[in-house]
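Q: Dropping a structure here in structure tokens format, bear with me for questions.
The values are calculated or read from the model by the stated rules, or taken from the named source; none is laboratory data. Bear in mind that the values here come from a model prediction, so they are computed numbers and not experimental data. Every residue, glycine as well, gets a Cβ built from its backbone with ideal geometry; the counts of neighbours run over all protein chains shown.
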Amino acid sequence: MSAALAQVKLNPPPVAQEDVARARMYALIARLLYAPDEQLLRAIASADEIVAETAPLMEAWHELASAAQACDAEAVEEEYEKLFIGVGRPEVMLYGSYYLAGFMMEKPLAVLRDDLVQIGLARNESVCEPEDHLAALCDVMRYLIIGDESRDAASLGQQKKFFACNIQTWYERFCDAVLESESANFYKHVARLIRVFFRIETESFEML
């Protein structure tokens with residue numbers, strides 16, 4: 001059988017609606033932390049209220065949607081540039097190795113790369129950011145939750161392991177950095193949503 005044919009999944013197992021919602025939240029966070037634009041902000045502003053089992057998540061979503069309705073897209077893009085890119089060193093780092101080791105491109109990144117190899121993922125050479133960028137990690141989680149045409153969704157145990165090793169260990173410090181920044185306005189609402197959602201993920205995984 002050819003490699004191309006071997007990758008085709010004609011009847012992938014169905015993904016639960018709860019997991020679809022989780023994957024969409026990871027995808028949204030990834031977009032917000034990598035490439036915010038007017039189309040994304042308008043989509044958030046016009047989206048329905050989410051239905052969640054926890055009030056904090058619904059409240060965080062409502063605040064984000066309200067901020068998206070009131071904000072100017074150009075101002076949000078400028079805020080993103082100032083917070084996460086900047087001239088020289090950004091105000092807030094988006095990379096796990098910085099929070100775990102104090103510097104970029106350190107041992108945590110090497111550990112992550114080993115984890116990605118085991119999952120079957122490789123770095124896209126057209127992307128300049130290291131793999132421990134929080135947007136990239138969220139995209140990996142989305143992939144693990146729902147899979148794709150060549151791979152079924154990962155088990156909850158596999159999702160838990162990746163999240164615990166590569167996100168759970170530092171996301172609180174990232175959220176603190178955004179919330180404490182005087183340059184953050186719209187992104188304070190993003191940080192609150194991330195914190196609430198990741199805490200729910202942490203609590204859910206701990207029940208396994």
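Q: Which one is nearest to E18 (Cα to Cα) among residues in segment 147-193 that are touching a residue at least 60 places away in the same chain (Cβ under 8 Å), out of contact with any Gly (no Cβ under 6 Å at 6 or more places or on another chain) and of a type in the set (A, V, I, L, M)?
A: Across segment 147-193, the extreme among qualifying residues is L193.
Q: Are any residues in segment 138-185 hydrophobic (A, V, I, L, M, F, W, C) and either within 27 Å of S66 (Cβ to Cβ) or outside any helix (DSSP H, G or I) (or both), and if so, which ones?
A: Matches in segment 138-185: C138, M141, A153, A154, I167, W170, F174, C175, A177, V178, L179, A184.
Q: Do you know which of the residues in segment 122-137 that are modelled with pLDDT of 90 or more and either over 17 Å from the mean Cα position of the chain (by Cα) or part of a loop (DSSP other than H, G, I, E, B) (or both) is surrounded by the fewest Cβ atoms within 10 Å (Cβ to Cβ)?
A: Taking the candidates together, the pick is P130.
Q: Can I ask one more? Could you count how many residues in segment 20-57 are within 18 Å of the chain's Cα centre (by Cα) and either assigned to a helix (DSSP H, G or I) or not hydrophobic (A, V, I, L, M, F, W, C) (or both)?
A: Total meeting the criteria: 22.
Q: Might you check whether a residue that is crowded, with 18+ Cβ neighbours inside 10 Å and of a type in the set (D, E, K, R) occurs anywhere in segment 159-182?
A: Scanning segment 159-182, I find at least one residue that is crowded, with 18+ Cβ neighbours inside 10 Å and of a type in the set (D, E, K, R), so the answer is yes.
Q: Among the numbered criteria (1) touching a residue at least 60 places away in the same chain (Cβ under 8 Å); (2) more than 22 Å from V196 (Cβ to Cβ), which single criterion is violated by S97?
A: Here S97 clears every test but (1).
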